[in-house]
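Visitor: Can you keep this structure in mind? I'll have questions shortly.
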Ligand SMILES: [Zn+2]
Ligand SMILES: [Zn+2]
(Lines give C-alpha, C1' and ligand atoms only; values in the text may rest on other atoms or scores of the structure.)
(Ligands and ions follow the chains in the order given, each with its own letter.)
Protein backbone atom coordinates (compact mmCIF):
# COMPACT_ATOMS: atom_id res chain seq x y z
CA UNK A 1 0.00 0.00 0.00
CA UNK A 2 1.45 3.37 -1.05
CA UNK A 3 1.50 6.43 1.20
CA UNK A 4 -1.32 8.04 -0.79
CA UNK A 5 -3.42 4.88 -0.57
CA UNK A 6 -2.72 4.68 3.14
CA UNK A 7 -3.85 8.27 3.59
CA UNK A 8 -6.97 8.01 1.45
CA UNK A 9 -7.99 4.56 2.65
CA UNK A 10 -7.02 4.48 6.29
CA UNK A 11 -6.38 7.92 7.72
CA UNK A 12 -8.98 10.09 5.97
CA UNK A 13 -11.95 7.73 6.39
CA UNK A 14 -11.01 7.31 10.06
CA UNK A 15 -11.22 11.07 10.52
CA UNK A 16 -14.12 11.79 8.19
CA UNK A 17 -17.08 9.43 8.21
CA UNK A 18 -17.95 8.39 4.65
CA UNK A 19 -21.50 7.75 3.48
CA UNK A 20 -22.44 4.18 2.52
CA UNK A 21 -22.71 4.08 -1.28
CA UNK A 22 -26.04 2.27 -1.13
CA UNK A 23 -28.01 3.75 1.77
CA UNK A 24 -26.08 6.94 2.55
CA UNK A 25 -25.71 6.11 6.25
CA UNK A 26 -22.40 7.46 7.58
CA UNK A 27 -19.74 4.81 8.10
CA UNK A 28 -17.40 5.73 10.95
CA UNK A 29 -13.98 4.51 11.91
CA UNK A 30 -12.74 3.78 8.38
CA UNK A 31 -14.75 0.58 8.05
CA UNK A 32 -15.94 1.39 4.54
CA UNK A 33 -15.10 -1.99 3.03
CA UNK A 34 -16.54 -2.20 -0.54
CA UNK A 35 -18.01 1.24 0.19
CA UNK A 36 -20.91 -0.30 2.10
CA UNK A 37 -22.06 -0.14 5.70
CA UNK A 38 -22.33 -3.43 7.58
CA UNK A 39 -26.06 -3.68 7.01
CA UNK A 40 -25.77 -3.21 3.25
CA UNK A 41 -22.88 -5.65 3.06
CA UNK A 42 -25.18 -8.22 4.60
CA UNK A 43 -27.60 -7.66 1.72
CA UNK A 44 -25.07 -8.62 -1.01
CA UNK A 45 -26.49 -11.61 -2.87
CA UNK A 46 -23.84 -14.28 -3.54
CA UNK A 47 -24.53 -16.41 -6.61
CA UNK A 48 -24.82 -19.77 -4.95
CA UNK A 49 -26.67 -22.81 -6.09
CA UNK A 50 -26.56 -24.90 -9.21
CA UNK A 51 -25.36 -22.93 -12.20
CA UNK A 52 -24.14 -23.50 -15.71
CA UNK A 53 -20.34 -23.55 -15.74
CA UNK A 54 -20.28 -21.71 -19.07
CA UNK A 55 -22.64 -18.76 -18.59
CA UNK A 56 -23.61 -18.79 -14.92
CA UNK A 57 -27.33 -19.26 -15.65
CA UNK A 58 -29.14 -20.84 -12.68
CA UNK A 59 -30.22 -24.42 -13.32
CA UNK A 60 -33.01 -26.15 -11.52
CA UNK A 61 -31.36 -29.33 -10.36
CA UNK A 62 -30.56 -31.09 -7.15
CA UNK A 63 -26.94 -31.89 -7.91
CA UNK A 64 -24.93 -31.17 -11.06
CA UNK A 65 -21.56 -32.55 -12.08
CA UNK A 66 -18.71 -30.02 -11.84
CA UNK A 67 -18.54 -27.90 -14.97
CA UNK A 68 -22.04 -28.94 -16.13
CA UNK A 69 -23.25 -26.71 -18.97
CA UNK A 70 -26.72 -25.56 -19.99
CA UNK A 71 -28.18 -26.51 -23.39
CA UNK A 72 -27.24 -23.17 -24.97
CA UNK A 73 -23.60 -23.48 -23.86
CA UNK A 74 -23.43 -27.08 -25.10
CA UNK A 75 -24.78 -26.06 -28.52
CA UNK A 76 -22.42 -23.08 -28.78
CA UNK A 77 -19.61 -23.64 -26.28
CA UNK A 78 -18.01 -20.43 -25.00
CA UNK A 79 -14.24 -20.15 -25.51
CA UNK A 80 -13.72 -19.74 -21.77
CA UNK A 81 -13.52 -22.85 -19.63
CA UNK A 82 -15.67 -21.49 -16.84
CA UNK A 83 -17.40 -18.35 -15.66
CA UNK A 84 -17.27 -17.25 -12.07
CA UNK A 85 -19.44 -14.32 -10.99
CA UNK A 86 -19.54 -13.47 -7.31
CA UNK A 87 -22.78 -11.60 -6.74
CA UNK A 88 -26.10 -10.81 -8.38
CA UNK A 89 -26.09 -7.37 -9.96
CA UNK A 90 -28.78 -5.76 -7.85
CA UNK A 91 -28.88 -3.42 -4.85
CA UNK A 92 -26.65 -2.75 -3.03
CA UNK A 93 -23.96 -4.03 -5.43
CA UNK A 94 -25.16 -1.81 -8.29
CA UNK A 95 -24.14 1.23 -6.21
CA UNK A 96 -20.66 -0.24 -5.72
CA UNK A 97 -20.20 -0.90 -9.44
CA UNK A 98 -21.48 2.59 -10.21
CA UNK A 99 -18.96 4.02 -7.75
CA UNK A 100 -16.16 2.08 -9.38
CA UNK A 101 -17.22 3.05 -12.89
CA UNK A 102 -18.20 6.68 -12.56
CA UNK A 103 -17.04 8.09 -9.23
CA UNK A 104 -13.34 7.26 -9.46
CA UNK A 105 -13.48 5.28 -6.23
CA UNK A 106 -10.42 3.20 -6.95
CA UNK A 107 -10.35 1.41 -3.64
CA UNK A 108 -13.58 -0.37 -4.65
CA UNK A 109 -11.68 -2.23 -7.37
CA UNK A 110 -9.19 -3.45 -4.80
CA UNK A 111 -11.85 -4.52 -2.32
CA UNK A 112 -13.81 -6.40 -4.99
CA UNK A 113 -10.54 -8.01 -6.11
CA UNK A 114 -9.88 -9.26 -2.56
CA UNK A 115 -13.25 -11.02 -2.51
CA UNK A 116 -12.69 -12.47 -5.98
CA UNK A 117 -9.20 -13.71 -5.06
CA UNK A 118 -10.57 -15.42 -1.95
CA UNK A 119 -13.26 -17.11 -4.06
CA UNK A 120 -10.77 -18.29 -6.69
CA UNK A 121 -8.59 -19.75 -3.95
CA UNK A 122 -11.55 -21.58 -2.43
CA UNK A 123 -12.39 -23.00 -5.85
CA UNK A 124 -8.73 -23.95 -6.27
CA UNK A 125 -8.45 -22.16 -9.59
CA UNK A 126 -4.86 -21.54 -10.62
CA UNK A 127 -3.84 -18.96 -13.22
CA UNK A 128 -0.62 -17.45 -14.55
CA UNK A 129 -1.87 -14.17 -15.93
CA UNK A 130 -4.82 -11.80 -15.47
CA UNK A 131 -6.19 -10.04 -18.56
CA UNK A 132 -8.88 -7.38 -18.39
CA UNK A 133 -11.69 -6.67 -20.84
CA UNK A 134 -10.58 -3.49 -22.66
CA UNK A 135 -12.41 -0.23 -23.22
CA UNK A 136 -12.10 1.60 -26.51
CA UNK A 137 -9.65 4.49 -26.13
CA UNK A 138 -12.49 6.92 -26.78
CA UNK A 139 -14.40 5.71 -23.74
CA UNK A 140 -11.15 5.41 -21.81
CA UNK A 141 -10.47 9.10 -22.47
CA UNK A 142 -13.93 10.02 -21.24
CA UNK A 143 -13.67 8.01 -18.03
CA UNK A 144 -9.95 8.25 -17.46
CA UNK A 145 -9.61 4.60 -16.49
CA UNK A 146 -10.93 1.14 -17.18
CA UNK A 147 -12.90 -0.31 -14.30
CA UNK A 148 -12.03 -3.89 -15.34
CA UNK A 149 -8.34 -3.02 -15.10
CA UNK A 150 -8.99 -1.51 -11.67
CA UNK A 151 -10.15 -4.94 -10.54
CA UNK A 152 -7.68 -7.05 -12.55
CA UNK A 153 -4.49 -5.41 -11.28
CA UNK A 154 -5.15 -5.81 -7.55
CA UNK A 155 -6.62 -9.28 -8.22
CA UNK A 156 -3.37 -10.34 -9.90
CA UNK A 157 -1.37 -8.82 -7.04
CA UNK A 158 -3.46 -10.75 -4.48
CA UNK A 159 -2.80 -13.98 -6.35
CA UNK A 160 0.87 -13.25 -6.98
CA UNK A 161 0.53 -13.31 -10.77
CA UNK A 162 0.96 -10.65 -13.45
CA UNK A 163 -1.77 -8.53 -15.07
CA UNK A 164 -1.69 -7.45 -18.72
CA UNK A 165 -3.80 -5.39 -21.06
CA UNK A 166 -3.54 -8.14 -23.66
CA UNK A 167 -6.63 -7.08 -25.60
CA UNK A 168 -7.56 -3.87 -27.41
CA UNK A 169 -10.84 -2.63 -28.79
CA UNK A 170 -10.36 -1.71 -32.41
CA UNK A 171 -13.55 0.32 -32.70
CA UNK A 172 -15.97 1.88 -30.26
CA UNK A 173 -19.04 -0.27 -29.68
CA UNK A 174 -22.33 0.85 -28.14
CA UNK A 175 -22.60 -0.25 -24.51
CA UNK A 176 -23.76 -3.87 -24.50
CA UNK A 177 -26.32 -3.09 -21.83
CA UNK A 178 -28.20 -0.82 -24.26
CA UNK A 179 -28.55 -3.46 -26.95
CA UNK A 180 -31.08 -6.25 -27.26
CA UNK A 181 -29.60 -9.68 -26.59
CA UNK A 182 -29.60 -10.77 -30.24
CA UNK A 183 -27.52 -7.78 -31.34
CA UNK A 184 -24.85 -8.06 -28.67
CA UNK A 185 -22.68 -10.69 -30.35
CA UNK A 186 -22.77 -8.80 -33.68
CA UNK A 187 -21.90 -5.56 -31.90
CA UNK A 188 -18.61 -7.08 -30.75
CA UNK A 189 -17.65 -9.06 -33.82
CA UNK A 190 -14.15 -8.04 -34.83
CA UNK A 191 -14.10 -5.28 -32.19
CA UNK A 192 -11.47 -6.99 -30.06
CA UNK A 193 -8.00 -8.08 -31.02
CA UNK A 194 -4.84 -9.23 -29.32
CA UNK A 195 -2.21 -6.65 -28.57
CA UNK A 196 1.06 -7.34 -30.32
CA UNK A 197 3.46 -9.37 -28.24
CA UNK A 198 0.79 -10.17 -25.67
CA UNK A 199 2.09 -13.49 -24.45
CA UNK A 200 -0.94 -15.59 -23.74
CA UNK A 201 -0.02 -18.81 -25.56
CA UNK A 202 0.13 -21.76 -23.20
CA UNK A 203 -0.98 -19.61 -20.25
CA UNK A 204 -3.81 -20.15 -17.82
CA UNK A 205 -5.69 -16.86 -17.90
CA UNK A 206 -8.11 -14.99 -15.72
CA UNK A 207 -10.31 -12.85 -17.94
CA UNK A 208 -11.57 -10.05 -15.70
CA UNK A 209 -14.57 -7.74 -16.02
CA UNK A 210 -16.78 -5.89 -13.56
CA UNK A 211 -20.21 -7.12 -14.68
CA UNK A 212 -21.47 -9.70 -17.13
CA UNK A 213 -24.98 -9.75 -18.53
CA UNK A 214 -25.40 -12.10 -21.48
CA UNK A 215 -21.73 -13.04 -21.38
CA UNK A 216 -21.23 -11.98 -24.99
CA UNK A 217 -18.32 -9.62 -24.19
CA UNK A 218 -16.56 -12.37 -22.27
CA UNK A 219 -17.26 -14.83 -25.07
CA UNK A 220 -15.79 -12.46 -27.67
CA UNK A 221 -12.72 -11.71 -25.55
CA UNK A 222 -12.20 -15.37 -24.69
CA UNK A 223 -12.31 -16.47 -28.31
CA UNK A 224 -9.55 -14.01 -29.22
CA UNK A 225 -7.44 -15.31 -26.34
CA UNK A 226 -8.18 -18.93 -27.21
CA UNK A 227 -7.23 -18.34 -30.85
CA UNK A 228 -3.93 -16.95 -29.56
CA UNK A 229 -3.25 -20.24 -27.80
CA UNK A 230 -4.40 -19.64 -24.20
CA UNK A 231 -4.27 -22.96 -22.36
CA UNK A 232 -7.14 -22.25 -19.97
CA UNK A 233 -9.47 -19.29 -19.51
CA UNK A 234 -11.43 -18.54 -16.35
CA UNK A 235 -13.77 -15.61 -16.85
CA UNK A 236 -14.30 -13.84 -13.54
CA UNK A 237 -16.58 -10.92 -12.75
CA UNK A 238 -17.80 -9.22 -9.59
CA UNK A 239 -21.42 -9.34 -10.71
CA UNK A 240 -23.81 -11.05 -13.04
CA UNK A 241 -27.12 -9.63 -14.23
CA UNK A 242 -29.80 -12.30 -14.31
CA UNK A 243 -31.19 -12.71 -17.85
CA UNK A 244 -34.77 -11.79 -18.64
CA UNK A 245 -35.51 -15.48 -19.26
CA UNK A 246 -34.31 -16.48 -15.82
CA UNK A 247 -36.11 -16.69 -12.52
CA UNK A 248 -35.57 -13.68 -10.24
CA UNK A 249 -32.19 -13.56 -8.55
CA UNK A 250 -33.84 -13.76 -5.14
CA UNK A 251 -35.22 -17.21 -5.91
CA UNK A 252 -32.03 -18.54 -7.44
CA UNK A 253 -30.15 -17.84 -4.19
CA UNK A 254 -32.33 -20.36 -2.36
CA UNK A 255 -31.60 -23.23 -4.69
ZN1 LIG B 1 -25.62 1.04 3.76
ZN1 LIG C 1 -24.76 -21.82 -20.05
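Visitor: As an exercise: evaluate residue 48 against (1) more than 9 Å from ligand 1 (Cβ to nearest atom); (2) in contact with a strand residue (DSSP E or B) (Cβ under 9 Å, 6 or more places away or on another chain) and give the number of the one condition it does not meet.
Guide: (2)
Visitor: Kindly state which strands (runs of 3 or more DSSP E) lie completely within the stretch 142-244 and contain at least 2 residues that are within 25 Å of residue 111 (Cα to Cα).
Guide: Numbers: elements: 162-164, 167-169, 192-194, 204-212, 232-240.
Fully inside the stretch 142-244 and qualifying: 162-164, 204-212, 232-240.
Visitor: Across the stretch 110-136, what is the total count of residues that are assigned to a helix (DSSP H, G or I) and within 16 Å of residue 164 (Cα to Cα)? Walk me through it before giving the result.
Guide: So the first thing to find is which residues in the stretch 110-136 are assigned to a helix (DSSP H, G or I), and the list is 110-122.
Narrowing further to those that are within 16 Å of residue 164 (Cα to Cα): 113.
Adding up the residues that qualify gives 1.
Visitor: Does residue 151 meet the test of being within 24 Å of residue 33 (Cβ to Cβ), crowded, with 21+ Cβ neighbours inside 10 Å and within 16 Å of the chain's Cα centre (by Cα)? Spell out how you get there, then give the answer.
Guide: Numbers: within 24 Å of residue 33 (Cβ to Cβ): yes; crowded, with 21+ Cβ neighbours inside 10 Å: yes; within 16 Å of the chain's Cα centre (by Cα): yes.
For residue 151, the condition - within 24 Å of residue 33 (Cβ to Cβ), crowded, with 21+ Cβ neighbours inside 10 Å and within 16 Å of the chain's Cα centre (by Cα) - is met.
Visitor: Now a separate question. Please state which of the following conditions residue 172 fails to meet, knowing it meets all the rest: (1) under 27 Å from residue 98 (Cβ atoms); (2) surrounded by 18 or more Cβ atoms within 10 Å (Cβ to Cβ).
Guide: For residue 172, the exception is condition (2).
Visitor: Looking at the stretch 133-142, is at least one residue crowded, with 19+ Cβ neighbours inside 10 Å and either under 20 Å from residue 44 (Cα atoms) or in contact with a strand residue (DSSP E or B) (Cβ under 6 Å, 6 or more places away or on another chain) (or both)? Reasoning before the result, please.
Guide: Quick first cut of the stretch 133-142, residues crowded, with 19+ Cβ neighbours inside 10 Å only: 133-135.
Right, trim to either under 20 Å from residue 44 (Cα atoms) or in contact with a strand residue (DSSP E or B) (Cβ under 6 Å, 6 or more places away or on another chain) (or both) and you get 133-134.
Yes, the conditions are met somewhere in the stretch 133-142.
Visitor: Now, a different point. Being touching a helix residue (DSSP H, G or I) at 6+ places or on another chain (Cβ under 8 Å) and at pLDDT below 80 is the requirement here; does residue 49 meet it?
Guide: Working: touching a helix residue (DSSP H, G or I) at 6+ places or on another chain (Cβ under 8 Å): yes; at pLDDT below 80: yes.
Answer is yes for this residue.
Visitor: Pick from the stretch 14-32 the residues that are at pLDDT below 75 and either within 20 Å of residue 93 (Cβ to Cβ) or under 26 Å from the mean Cα position of the chain (by Cα) (or both): which of them is farthest from ligand 2 (Cβ to nearest atom)?
Guide: My answer is 30.
Results for (1) in contact with a helix residue (DSSP H, G or I) (Cβ under 7 Å, 6 or more places away or on another chain); (2) within 16 Å of ligand 2 (Cβ to nearest atom), shown as yes or no for each residue.
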{"position": "60", "(1), (2)": "no, yes"}
{"position": "63", "(1), (2)": "no, no"}
{"position": "87", "(1), (2)": "yes, no"}
{"position": "96", "(1), (2)": "yes, no"}
{"position": "142", "(1), (2)": "no, no"}
{"position": "154", "(1), (2)": "yes, no"}
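Visitor: Could you say which residue among 23, 37 is surrounded by 14 or more Cβ atoms within 10 Å (Cβ to Cβ), out of contact with any helix residue (DSSP H, G or I) (no Cβ under 9 Å at 6 or more places or on another chain) and not assigned by TED's automatic domain parsing to the domain that holds residue 233?
Guide: 37
Visitor: Among the residues that make up the stretch 56-71, is at least one of them surrounded by 17 or more Cβ atoms within 10 Å (Cβ to Cβ), under 23 Å from residue 132 (Cβ atoms) and modelled with pLDDT under 90?
Guide: Yes, the conditions are met somewhere in the stretch 56-71.
Visitor: Let me ask another. Would you confirm whether or not the stretch 208-215 contains a residue that is at pLDDT 95 or above and within 16 Å of ligand 2 (Cβ to nearest atom)?
Guide: No, the stretch 208-215 contains no residue that is at pLDDT 95 or above and within 16 Å of ligand 2 (Cβ to nearest atom).
Visitor: Sort through 162, 110, 150, 122 and tell me the only one that's touching a strand residue (DSSP E or B) at 6+ places or on another chain (Cβ under 6 Å) and at pLDDT 90 or above.
Guide: Answer to the selection: 162.
Visitor: Please pick out the residue among 249, 235, 222, 228 that is modelled with pLDDT of 85 or more and surrounded by fewer than 24 Cβ atoms within 10 Å (Cβ to Cβ). Break it down into steps so the answer makes sense when it comes.
Guide: Numbers: 249 fails: modelled with pLDDT of 85 or more; 235 fails: surrounded by fewer than 24 Cβ atoms within 10 Å (Cβ to Cβ); 222 fails: surrounded by fewer than 24 Cβ atoms within 10 Å (Cβ to Cβ).
One residue alone meets the criteria, 228.
The values are calculated or read from the model by the stated rules, or taken from the named source; none is laboratory data. Small disclaimer: the values here were computed from a predicted structure and weren't measured. So basically every Cβ, Gly included, is an ideal-geometry build from the backbone, and we count neighbours across all protein chains shown.
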